[in-house]
Amino acid sequence: MRQADESLIDRREFVERSLCVMLGVPTTLAFLAGCASLVTRTVAPVDGALRLALAHYPELAASGGSLRVRPEGSVDVIYVLSLGADRFAALSPICTHLGCTVEIQGAHLVCPCHGSTYDRAGRVLQGPAERALARYGTELTPDGVLVIDLGGRT
Ligand code: FES
């Protein structure tokens, strides 16, 4: 039986990883240098939530770390960002201006269409977007599981 937070490599991730390999980026370096930011993990929801055991997601271990997850059976991707001090944000990547997909660029999320810029908590730093990115409720359990409430988007 598969555990709730087990990740599967989907076709897109396979292509992305292959691209990193073709570019000559060793797996470990790719992870540290940013190719990992291209990776999307597919996670099976349980009772309307994603449960990410942080021990299995080293991308989120340090402040500034990030991960893309796709709930199994959904086309929507969620950006999960470590904010430091055991705080996390789970954001929709859909720009609130006109709906392009924002990109994680270090401390910011930047929209490639018209330049809206958000901080890692999803707040607008620069328009034309006027509203924050949609944010899912998160909770870190005492045993190190990040719970993302798929029904609790604000
Ligand atoms: Fe993102 Fe316009 S769609 S800034």
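The values are calculated or read from the model by the stated rules, or taken from the named source; none is laboratory data. Just so it is clear, the structure is predicted and the values come from calculations on it, not from any experiment. Cβ coordinates were reconstructed from backbone atoms using ideal geometry, including for glycine residues, and neighbour counts include every protein chain displayed. Just so you know, the surface numbers come from the protein's heavy atoms only, side chains and all, with ligands and any DNA or RNA stripped out. Shrake-Rupley method; radii C 1.70, N 1.55, O 1.52, S 1.80 Å.
Here are a few things to note about the model shown:
- In the set (1) within 14 Å of the ligand (Cβ to nearest atom); (2) open to solvent by 30 Å² or more (accessible area, probe 1.4 Å), the condition left unmet by residue 151 is number (1).
- Any hit, the range 60-72, residues being free of Cβ contacts under 8 Å to residues at least 12 places away in the same chain and open to solvent by 50 Å² or more (accessible area, probe 1.4 Å): no
- The range 112-127: number of residues that are in contact with a Lys or Arg (Cβ under 8 Å, 6 or more places away or on another chain) and over 16 Å from residue 64 (Cα atoms): 1
- Scan the range 131-144 for residues that are under 22 Å from residue 61 (Cβ atoms) and either crowded, with 17+ Cβ neighbours inside 10 Å or in contact with a Gly (Cβ under 9 Å, 6 or more places away or on another chain) (or both) and the total you get is 4.
- Cβ pairs under 6 Å, 6+ apart, first in the range 126-142 and of a type in the set (Val, Ile, Thr), second surrounded by 14 or more Cβ atoms within 10 Å (Cβ to Cβ) and in a strand (DSSP E or B): 138/88; 138/90; 138/148
- Filtered by the rule that a residue be near the ligand (Cβ under 9 Å from one of its atoms) and on the phi < 0 side of the Ramachandran plot, the range 95-104 gives 95, 96, 97, 98, 100, 101, 102.
- Residue match in the range 9-23 (condition: outside any loop (DSSP other than H, G, I, E, B), open to solvent by less than 20 Å² (accessible area, probe 1.4 Å) and at pLDDT 50 or above): no
- Test for residue 128: is it within 13 Å of the ligand (Cβ to nearest atom) and surrounded by fewer than 17 Cβ atoms within 10 Å (Cβ to Cβ): yes
A quick yes/no check of all residues on (1) surrounded by 17 or more Cβ atoms within 10 Å (Cβ to Cβ); (2) near the ligand (Cβ under 10 Å from one of its atoms); (3) farther than 20 Å from residue 39 by Cα:
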{"site": "83", "(1), (2), (3)": "no, no, no"}
{"site": "93", "(1), (2), (3)": "yes, no, no"}
{"site": "106", "(1), (2), (3)": "no, no, no"}
{"site": "112", "(1), (2), (3)": "no, yes, no"}
{"site": "116", "(1), (2), (3)": "yes, yes, yes"}
